[in-house]
Amino acid sequence: MVMLIRDGEVIADTMNNQVDVRFTAELQLENITTDAMQPIFSLPVLNVEIEDFNDGRVFTFIRLLKTRYQYKGEIRVSGQYLIDQMAMLKACGVDSFILPDDSDYEHALFILSNTPENTF
Amino acid sequence: MYQYNERDRSNLSARSVIFQRQLARHLEGKVSDDDFRPVRLQQGLYIQKHAPMLRIAIPYGMVSAKQLLALADVADRYDKDYCHITTRQNIQFNWLALNEIPQVLTRLAEADLHSIQTSGNCIRNITSDPFAGVVEDELIDPRPYCELIRQWSLGHPEFAFLPRKFKISITGSKKDRAIIQAHDIGLRLVLNAQNETGFQVLVGGGLGRTPVIGSVLSLFIAEADILDYLTSILRVYNQYGRRDNKYKARIKILVKAIGVDKFRAQVEQELINVQRYSKPLTPDQIKSYAVHFKQPEYDCISEHKLMQFSLDLLHESVEFNNWYQRNTQAHKVPGYRSVTVSLKDHSNAPGDIKSQQLQTMADLSEVYSFGVARTTHEQNIVLADVRIDQLNSLWHQLDALNLASPNIGTINDMICCPGLDFCSLANTQSIPVAKAIQTVFSDMDYVFDIGDLTLNISGCMNACAHHHLANIGILGVDKKGQQFFQISLGGQKGNNTTIGKILGPAFKAAEVPEVIEKIIQLYLSRRADTEAESESFIETISRVGIKYFKEGVYGHAH
């Protein structure tokens, strides 16, 4: 069981939380094509593990999953992102968050519900 | 200028509350320095040598009287009674206390000011021509587009963790006063053959360790498509810019590495993808920004009055005439001039302004210039809309506060970074060198005789003072713990932006003023004067070549 934040609530999730995409510095974005992504498109939940919060490619990657690749399932992130990045991740298309260890859930919920939206 | 609406204010307030919580969590030890760094940088907060530095965004340099008063108040109550205008038209406070930052942000927010995205690896404050909307050679006022792009980039969720910082500058004039060739993206408003408004787009310009002049990415992007095009550029950069070495992470390195043609092909491919899911901007949307920049209600000045003023000038003092010549310039509306208020008085570090001066500037902008001032990347302030018959009275009031040095565009109007005295990146003290040079050139008749000349001093290779683009550039370098200064000649900004060439081995700080004096003497002895005008310093360098100066400074041995 894992605690996660989805739709502005902390919930316990009993699903298998395997990592589907490890977003590391070695990940080559050139290799991400519609064909290469086919096997994971059918997953109801896609867990993207972030290795380094400075690697901002992940924001574009997630946005493209939802728009260009039309992924219809739930995008979940885990790993070493910052709580202070959660509103941006959500705006790019993340649906649920497995928080980094020892995270402050109250601060995370505050960030998610109070960050103004960029409407462009 | 742009007026905040209720949504802008509530968004700013929400961001301010979030940052206060983030800062409190850090001060309570709940967030490590490493995790807090990107958060504080995106809020313009640097941990500096002596105290935190907070950089306030002045969008494309436009600042209202109310905002000048708020800045004066912060300088007075929370800082050492002054602040500093940066080379990207922003304002910095250098001596704040970390625990008072929330109060400072609250006070600034009362005047619709903030520090968001003035640092960090995100899209920074948009800069532009300080004479936008008033200058004669303007084709299209860039400010509505600056505001559009400001709003698009503020809090953009996809582009807040780019490989490195990202700077955009926009001009709408024939003559570039916004250094568009030395920005990550430089935009020039143009009309196409069908008289439609669009942009020429430059990419990959920049200074710092690797100075590069931007390349033309597109000759015409229609205004309706500009955000999609910017998104495409940023997306390609975000995905493929280097992240393994911060000195190789700017977009200029990516463009150089793959070549502008391949980069363009990637951007154009991305644009096709972007436009499958976006809508072009509508004329109404664009108009909604333009309404904020309507022409102020200028008085109609009669021909008779204009002529009278010209005659009156003959009877004014030499001091006023010098100031009129150097510090005021033509305005598109007859009977008005734009005034540049010099922050390069000998008693101040270049670009510093005291709280009382800011207060007076607020009052003067109300009385003489529709309540608006503009900051310039040359670290001065512009009152853009002054009636010619009020110039004399304005001059007297500026002069009383040491704000009327008639030195705009001269060797004394030098651009200088804060240097080692304040900045934790710098390795040399740039301000004392600036002051020593100003002392050598204190005879204004001599300064006027030298004429137009740009001199910029950067305290380290990050090049905040844009020394590469100065006619005389001075760069501080550290050699085994000792400060040396390297001199370059022939740089220029504007339509023919050129990177200066290094003259030769660096000098000790104490030697710099006499070397500059020598360079000026070499120029004066070779300049080709006609009856009508003197050849400018940069023209002489272009004609004579740098070798002549090199030999004159170092002797034939080098």
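The values are calculated or read from the model by the stated rules, or taken from the named source; none is laboratory data. This one's a predicted model, so the numbers in the text were calculated from it and none came from an experiment. Every residue, glycine as well, gets a Cβ built from its backbone with ideal geometry; the counts of neighbours run over all protein chains shown.
Among the residues of the stretch B:45-61, not a single one is assigned to a helix (DSSP H, G or I), more than 10 Å from chain A (Cβ to nearest Cβ), more than 25 Å from B:Tyr289 (Cα to Cα) and modelled with pLDDT of 95 or more.
Within the stretch B:404-427, the set of residues being within 19 Å of the chain's Cα centre (by Cα), under 16 Å from B:Val382 (Cβ atoms) and among the aliphatic types (A, V, I, L, M) comprises B:Ile408, B:Ile415. Regarding A:Phe59, is this residue at negative phi and in contact with a Leu (Cβ under 8 Å, 6 or more places away or on another chain)? Yes: the conditions hold for A:Phe59. Against the test of being in contact with a Pro (Cβ under 6 Å, 6 or more places away or on another chain) and modelled with pLDDT of 95 or more, the options B:Ile516, B:Ile541, B:Ile499 yield a single qualifying residue, B:Ile499. Every condition in (1) touching a residue at least 24 places away in the same chain (Cβ under 8 Å); (2) buried (at least 17 other Cβ atoms within 10 Å of the Cβ) holds for B:Lys479 except the one numbered (2).
Highlighted here are the helices (runs of 4 or more DSSP H) found entirely within the stretch B:245-362 that include at least 2 residues which are within 30 Å of B:Lys66 (Cα to Cα): B:283-290, B:318-327. Residues in the stretch B:199-239 that are closer than 30 Å to B:Ile474 by Cβ, modelled with pLDDT of 95 or more and of a type in the set (Ser, Thr, Tyr): B:Ser215 alone. Scanning the stretch B:18-42 for residues that are within 10 Å of chain A (Cβ to nearest Cβ) and in contact (Cβ under 8 Å) with a residue 40 or more places away in the chain yields a count of 3.
Check the stretch B:192-202 and report whether any residue there is more than 23 Å from the chain's Cα centre (by Cα) and among the hydrophobic types (A, V, I, L, M, F, W, C). Yes; the residues of the stretch B:192-202 include at least one that is more than 23 Å from the chain's Cα centre (by Cα) and among the hydrophobic types (A, V, I, L, M, F, W, C).
For the stretch B:125-136, does any single residue satisfy the condition of being part of a helix (DSSP H, G or I) and closer than 30 Å to A:Ala25 by Cβ? There is no residue in the stretch B:125-136 that is part of a helix (DSSP H, G or I) and closer than 30 Å to A:Ala25 by Cβ.
Just one of the numbered conditions (1) closer than 27 Å to A:His107 by Cβ; (2) touching a His at 6+ places or on another chain (Cβ under 8 Å) is not true of B:Gln89: (1).
Within the stretch B:96-118, the set of residues being in a loop (DSSP other than H, G, I, E, B) and out of contact with any strand residue (DSSP E or B) (no Cβ under 6 Å at 6 or more places or on another chain) comprises B:Ala97, B:Glu110, B:Ala111, B:Asp112, B:His114, B:Ile116, B:Gln117. Taking (1) modelled with pLDDT of 95 or more; (2) surrounded by fewer than 21 Cβ atoms within 10 Å (Cβ to Cβ) in turn, B:Arg250 satisfies each apart from (2). Only one of (1) touching a helix residue (DSSP H, G or I) at 6+ places or on another chain (Cβ under 6 Å); (2) over 23 Å from B:Leu217 (Cβ atoms); (3) surrounded by 21 or more Cβ atoms within 10 Å (Cβ to Cβ) fails for B:Ala132. Which number is that? Going through the list (1) touching a helix residue (DSSP H, G or I) at 6+ places or on another chain (Cβ under 6 Å); (2) over 23 Å from B:Leu217 (Cβ atoms); (3) surrounded by 21 or more Cβ atoms within 10 Å (Cβ to Cβ), B:Ala132 breaks only (2). A count restricted to the stretch B:274-313 and to residues that are over 30 Å from A:Arg68 (Cβ atoms), without any contact (Cβ under 8 Å) to a residue 40 or more places away in the chain and basic (Lys, Arg) stands at 2. Do we have any residue at all in the stretch A:103-118 that's more than 8 Å from chain B (Cβ to nearest Cβ), in a loop (DSSP other than H, G, I, E, B) and farther than 30 Å from B:Arg150 by Cβ? Scanning the stretch A:103-118, I find at least one residue that is more than 8 Å from chain B (Cβ to nearest Cβ), in a loop (DSSP other than H, G, I, E, B) and farther than 30 Å from B:Arg150 by Cβ, so the answer is yes.
With respect to the conditions (1) out of contact with any Gly (no Cβ under 6 Å at 6 or more places or on another chain); (2) surrounded by fewer than 21 Cβ atoms within 10 Å (Cβ to Cβ); (3) closer than 28 Å to B:Gln285 by Cα; (4) more than 14 Å from chain A (Cβ to nearest Cβ), B:Gln151 lacks only one, and its number is (4).
The residues listed here are B:Ala224, B:Ala249; of these, the one that is in contact (Cβ under 8 Å) with a residue 24 or more places away in the chain and either within 11 Å of chain A (Cβ to nearest Cβ) or in contact with a Gly (Cβ under 8 Å, 6 or more places away or on another chain) (or both) is B:Ala249. Against the condition away from chain B (no Cβ under 14 Å), touching a residue at least 40 places away in the same chain (Cβ under 8 Å) and buried (at least 19 other Cβ atoms within 10 Å of the Cβ), how does A:Phe97 come out, does it pass? Taking the combined requirement at face value, the residue satisfies it. Number of residues in the stretch B:441-461 that are surrounded by fewer than 16 Cβ atoms within 10 Å (Cβ to Cβ) and assigned to a loop (DSSP other than H, G, I, E, B): the value is 2.
Within this structure, A:Ile75 passes the test of being touching a residue at least 12 places away in the same chain (Cβ under 8 Å), farther than 27 Å from B:Gln20 by Cα, crowded, with 17+ Cβ neighbours inside 10 Å and more than 13 Å from every other protein chain (Cβ to nearest Cβ). Answer yes if at least one residue in the stretch B:77-95 is of a type in the set (Asp, Glu) and not in a loop (DSSP other than H, G, I, E, B), and no otherwise. Within the stretch B:77-95, none of the residues are of a type in the set (Asp, Glu) and not in a loop (DSSP other than H, G, I, E, B). Just the residues that are outside any loop (DSSP other than H, G, I, E, B) and more than 18 Å from B:Gln67 (Cβ to Cβ), please, taken from the stretch B:371-390. Within the stretch B:371-390, B:Val386, B:Arg387, B:Ile388, B:Asp389, B:Gln390 meet the criteria. Of the residues making up the stretch A:15-46, those that are among the charged types (D, E, K, R) and in contact with a helix residue (DSSP H, G or I) (Cβ under 9 Å, 6 or more places away or on another chain) are A:Asp20, A:Glu30.
Answer with yes or no whether A:Ala87 is small (Gly, Ala, Ser) and exposed (fewer than 15 other Cβ atoms within 10 Å of the Cβ). So A:Ala87 fails the test.
Of the residues B:Tyr82, B:Tyr60, the single one that is surrounded by fewer than 23 Cβ atoms within 10 Å (Cβ to Cβ), of a type in the set (Phe, Trp, Tyr) and either in contact with a helix residue (DSSP H, G or I) (Cβ under 9 Å, 6 or more places away or on another chain) or assigned by TED's automatic domain parsing to the domain that holds B:Gln359 (or both) is B:Tyr82.
Which of the residues spanning the stretch B:154-182 are among the small types (Gly, Ala, Ser) and either more than 9 Å from chain A (Cβ to nearest Cβ) or not in a loop (DSSP other than H, G, I, E, B) (or both)? Passing the criteria: B:Ser169, B:Gly172, B:Ser173, B:Ala178, B:Ala182. Of the set (1) surrounded by 15 or more Cβ atoms within 10 Å (Cβ to Cβ); (2) within 13 Å of chain A (Cβ to nearest Cβ), all apply to B:Arg276 but (1). Screening A:Phe41 with (1) surrounded by 14 or more Cβ atoms within 10 Å (Cβ to Cβ); (2) within 14 Å of chain B (Cβ to nearest Cβ) gives one miss only, at (2).
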